[in-house]
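Engineer: The structure is given below, and queries will be raised subsequently.
The values are calculated or read from the model by the stated rules, or taken from the named source; none is laboratory data. These figures come from a predicted structure and were not determined experimentally. Neighbour counts are summed over all protein chains in view; Cβ atoms, including those assigned to glycine, are modelled from backbone coordinates with ideal geometry.
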Amino acid sequence: MNMDFIRKLPIPMEIKKEFPVPEALAQKKAANDEEIKKIFTGEDKRLLLIIGPCSADREDAVLDYVTRLRGLQEKVKDQLLIVPRVYTNKPRTTGEGYKGMLHQPNPLGEPDMLSGIIAIRKLHLKVLAETGFSTADEMLYPDNYRYLDDILSYVAVGARSVENQEHRLTASGMDVPVGMKNPTSGDITVMLNSIRAAQKAHTFIYRGWEVKTKGNPLAHAILRGFVNSKGESFPNYHYEDLLHLATEYDASKYECPALVVDCNHANSGKHFEEQVRIAKEVIHSMNHNEKIKKLVKGLMIESYIIDGNQKAEEGIYGKSITDACLGWEKTEQLVLDLAKVIQDKNY
């Protein structure tokens, strides 16, 4: 094999002992988990808003952004429950380019996986300690989930990972909601099969252990749009798409049928400003059909401090170095607008 074994990394237990979650924060995280769970079970009628940068590229800007979210959460607490996106991995179709804080704690530096593991754990811990928010991250590598499983309150499985058996089985052993994105092809049966697998109990090999899971009833769908054979983007957030998915859910037996709509990626054609319109259209669809209203539990928005994106070497504070994001002013207005629509419709 043409692999150079650089060093053996600490196991998750060792990292957790070095950077533990204090008891008070563990209790806060548990309370957050319960709030989020009640949205998926239908006990809480608020809408979940999973919002934040495409990629958490630097600690100071992410903490600044999430602190702003805390103030905004207080204004919309009766209509929306915010979970910050703190995505510390960045999947790459070709494998080239910046892969996220886990790989490169310094976006301009060389990959350093040990420093990355420490950096991402410290970042998620700081968000919890400084804002009271527990966070959402993407499970790019199932083996790495154990480094963060005591901090995260929401996990997403990406469009390129949703067909992978290890992702599905690992999700079945989680105690928090796991969103399964539709694959880039748009075939929702792949996504539904992934949800079904994650909701069932399994025995498999994980981190060198034979493990058994109980199944995760909070595994659910994320619609993120798709691309055709020519690589052209197409949305799947429209009324007809939502109603079709609701019907497919009805036709099969799933625990806690639920959907989060990703307002960016192929749904927006990566035109980040369109997220404002898309989010409002989803709310409009919910208000016109009870099946859709019952199914949709949340929205996913890519947002940061500064509009758009940049090259890493430009170094503009709070501006995405991966996919383009809504800036803070537009984000704040969108969140307030969504809360007002929900309140006015007695949603």
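Engineer: Name every residue in the range 1-45 that is under 21 Å from residue 133 (Cα atoms), in contact (Cβ under 8 Å) with a residue 24 or more places away in the chain, among the hydrophobic types (A, V, I, L, M, F, W, C) and surrounded by fewer than 16 Cβ atoms within 10 Å (Cβ to Cβ), in order of residue number.
Structural biologist: 19, 26, listed by residue number.
Engineer: In the range 252-264, what residues are under 13 Å from the mean Cα position of the chain (by Cα) and either closer than 14 Å to residue 323 by Cα or modelled with pLDDT under 95 (or both)?
Structural biologist: Here is the first cut: in the range 252-264, the ones under 13 Å from the mean Cα position of the chain (by Cα) are 259-264.
Answer for the range 252-264, where residues must be under 13 Å from the mean Cα position of the chain (by Cα) and either closer than 14 Å to residue 323 by Cα or modelled with pLDDT under 95 (or both): 262, 263, 264.
Engineer: Within the range 144-262, which strands (runs of 3 or more DSSP E) (wholly inside it) include 3 or more residues that are touching a helix residue (DSSP H, G or I) at 6+ places or on another chain (Cβ under 8 Å) and of a type in the set (A, V, I, L, M, F, W, C)?
Structural biologist: Where strands (runs of 3 or more DSSP E) fall fully within the range 144-262 and carry at least 3 residues being touching a helix residue (DSSP H, G or I) at 6+ places or on another chain (Cβ under 8 Å) and of a type in the set (A, V, I, L, M, F, W, C), they are 219-223.
Engineer: Specify the residue that is farthest from residue 266 (Cα to Cα); the eligible residues are those in the range 225-237 that are exposed (fewer than 15 other Cβ atoms within 10 Å of the Cβ) and either at pLDDT 95 or above or charged (D, E, K, R) (or both).
Structural biologist: 230
Engineer: While we're here: Filter the range 122-165 down to residues that are hydrophobic (A, V, I, L, M, F, W, C) and out of contact with any strand residue (DSSP E or B) (no Cβ under 7 Å at 6 or more places or on another chain) and give me whichever is farthest from residue 226 (Cα to Cα).
Structural biologist: 129
Engineer: I'm told residue 329 meets every condition in (1) of a type outside the set (S, T, N, Q); (2) farther than 22 Å from residue 56 by Cβ; (3) modelled with pLDDT of 95 or more except one. Can you identify the failing condition by its number?
Structural biologist: (2)
Engineer: Would you pick out the residues in the range 110-143 that are among the acidic types (Asp, Glu) and part of a strand (DSSP E or B)?
Structural biologist: Selection gives 137, 138.
Engineer: Can you pull out the residues in the range 251-266 that are in contact with an Asp or Glu (Cβ under 8 Å, 6 or more places away or on another chain) and without any contact (Cβ under 8 Å) to a residue 12 or more places away in the chain?
Structural biologist: If the condition is that a residue be in contact with an Asp or Glu (Cβ under 8 Å, 6 or more places away or on another chain) and without any contact (Cβ under 8 Å) to a residue 12 or more places away in the chain, then no residue fits.
Engineer: Hey, can you tell me all the residues within the range 169-194 that are in contact (Cβ under 8 Å) with a residue 60 or more places away in the chain and out of contact with any strand residue (DSSP E or B) (no Cβ under 9 Å at 6 or more places or on another chain)?
Structural biologist: The answer is 175, and nothing else.
Here is a yes/no grid of residues against (1) over 22 Å from residue 65 (Cβ atoms); (2) among the polar types (S, T, N, Q); (3) touching a strand residue (DSSP E or B) at 6+ places or on another chain (Cβ under 6 Å):
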{"site": "274", "(1), (2), (3)": "no, no, no"}
{"site": "278", "(1), (2), (3)": "no, no, no"}
{"site": "297", "(1), (2), (3)": "yes, no, yes"}
{"site": "305", "(1), (2), (3)": "no, no, no"}
{"site": "327", "(1), (2), (3)": "no, no, yes"}
{"site": "343", "(1), (2), (3)": "yes, yes, no"}
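Engineer: The conditions are (1) more than 20 Å from residue 44 (Cα to Cα); (2) surrounded by fewer than 21 Cβ atoms within 10 Å (Cβ to Cβ), and residue 289 fails exactly one of them. Which is it?
Structural biologist: (1)
Engineer: Out of everything in the range 77-102 that is of a type outside the set (Lys, Arg) and free of Cβ contacts under 8 Å to residues at least 12 places away in the same chain, what residue ends up being surrounded by the fewest Cβ atoms within 10 Å (Cβ to Cβ)?
Structural biologist: Across the range 77-102, the extreme among qualifying residues is 94.
This table checks each residue for (1) in a helix (DSSP H, G or I); (2) not aromatic (Phe, Trp, Tyr).
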| residue | (1), (2) |
| --- | --- |
| 2 | no, yes |
| 5 | no, no |
| 15 | yes, yes |
| 21 | no, yes |
| 31 | yes, yes |
| 34 | yes, yes |
| 38 | yes, yes |
| 43 | no, yes |
| 50 | no, yes |
